[in-house]
Amino acid sequence: MRIGIDLGGSKIEAVALDTGGAELARRRVPTPQGDYEGTVRAVAALVAAIEAGIGRRGRVGIGTPGAISPATGLIKNANSTCLNGRPLHRDLEAALGRPVRLANDANCFALSEAADGAAAGADVVFGVILGTGVGGGVVVGGQVLTGPNAIAGEWGHNPLPWPDAEERPGPACYCGKQGCIETFLSGPGLAADHARSGAGRKSAEVIVAAASNEAAAEATLRRYERRLAKALAHVINLLDPEVIVLGGGLSRIERLYADVPAIWGEYVFSDAVATRLVPPLHGDSSGVRGAAWLWPEEAGG
């Protein structure tokens, strides 16, 4: 049995999968906001509850914001900032009393969709998270590409490519830079862009308003689509993936899957673009399923 944990900014979700990938159990709890020790305890309690309900012990994989620094072994680059600089891997292994595998949450999402999701069978897959933050994960030949700095796929903290005049220098980002892709394409980034146009709404409200043909909301979504197209064209020029899978709350905007590929050809360095842009097969479950898939079936532990 594999147990996957998706350690999110607002919730922690756990799922248990059998050897064939069928779901055996699922639980979720709120994330203790700003509380590192409470977060470790919450993960341990979730695993204990799952195992008690099934009556079996499992191998545990965890998807986290940020990544483990190869230099220090500590978490870096997490937008859940209470995790940064902390030995999360070590502390979770101690709390659970077993080896644990950790990976960036976007990597887990990409692995899930490449393994048995919307990108199954594709050799090169780019998985995108468009939510509270913006992340990415790369899967090549069924394996997550991490890199020596543990930052492969971190496109959200590159600058928006081919910026228009009004997009320079761009909004301030928590990472200390300005104009990061995340500041434009995250849910809060979409809402902030709409506010700058003179209207104040949450990102979900903008989407609903655009569907009702509200002119200001429609204009905001068109700006969002062009920015997403430019940002993904940059990825295509670097990786040339067969499939790009969108995840996170904004992946539910159905029009993106037709509108964005209609734009990105302007920026891709090719006479034609065969890359497919698709929604996730497993929806919100992709991240937690991918965390479970961090353990191959033959692995011990």
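Please tell me the relative contact order of the chain in percent, rounded to the nearest whole number, where contacts are Cα pairs under 8 Å and at least six residues apart. Show your work: numbers first, answer last.
On the way: 621 pairs, mean separation 63.0, N = 301.
About 21 percent, as a whole number.
Residue separation times 0.36 nm, minus the C-alpha to C-alpha distance between Ser197 and Leu24: what's the value?
Working: separation 173, 0.36 × 173 = 62.28 nm, distance 4.70 nm.
Contour length minus the Cα-Cα distance gives 57.6 nm.
Over the chain, DSSP H runs of length four or greater, each weighted -39,500 (n - 2.57), average out per residue to a 222 nm ellipticity of -10500 deg cm²/dmol.
Rank the residues Trp293, Trp155 as a footprinting-exposure proxy: fewest other Cβ atoms within 10 Å of their Cβ go first.
Result, fewest neighbours first: Trp293, Trp155.
Where the alpha-carbon atoms of segment 2-108 are placed on the principal axes, they occupy 36, 25, 25 Å, in descending order. Modelled spin-label separation between Asp116 and Asp271, with each label point placed 7 Å from Cα along the Cα-to-Cβ direction: 4.2 nm.
Overall, the ratio between the Cα radius of gyration of segment 235-300 and 2.2 N^0.38 Å, rounded to two decimals, is 1.40.
For the chain, go through all pairs of different Cα atoms, get the mean of 1/r, take its inverse, and jot down that Kirkwood value in Å. Don't skip to the end; give the middle numbers.
Values: mean 1/r = 0.0509 Å⁻¹.
The Cα-based Kirkwood calculation yields 19.6 Å.
Treating the angle as unsigned and between 0 and 90°, give the value, to the nearest 10°, between the Cα long axis of helix 105-116 and the longest Cα principal axis of the chain. Between the helix axis and the principal axis of the chain, the angle is about 80 degrees. On full extension, the segment bounded by Arg252 and Lys11 gains 84.9 nm, given 0.36 nm per residue less the C-alpha separation.
Listed by Cβ neighbour count within 10 Å, with the fewest neighbours leading, Tyr224, Tyr267 appear as Tyr267, Tyr224.
Using 0.36 nm per residue, how much length does the chain from Leu238 to Gln178 gain when fully extended, once their Cα-Cα distance is taken away?
Full extension from Leu238 to Gln178 adds 19.4 nm.
All C-alpha to C-alpha distances of segment 118-280, sorted into 10 Å bins beginning at zero, yield P(r) values of 10, 41, 36, 11, 1 percent in whole numbers.
For the Cα atoms of the chain, what angle does the longest principal axis make with the long axis of helix 215-239, in degrees from 0 to 90, nearest 10? Between helix and principal axis, roughly 60 degrees. Site pair Arg98 and Ala49 shows an inter-label distance of 1.8 nm when each label is modelled 7 Å from Cα along Cα→Cβ.
A short reminder: the numbers here are calculations on the coordinates, not readings from a lab. This one's a predicted model, so the numbers in the text were calculated from it and none came from an experiment. Cβ sites come from the backbone with ideal geometry, for glycine too, and all protein chains shown count toward neighbours.
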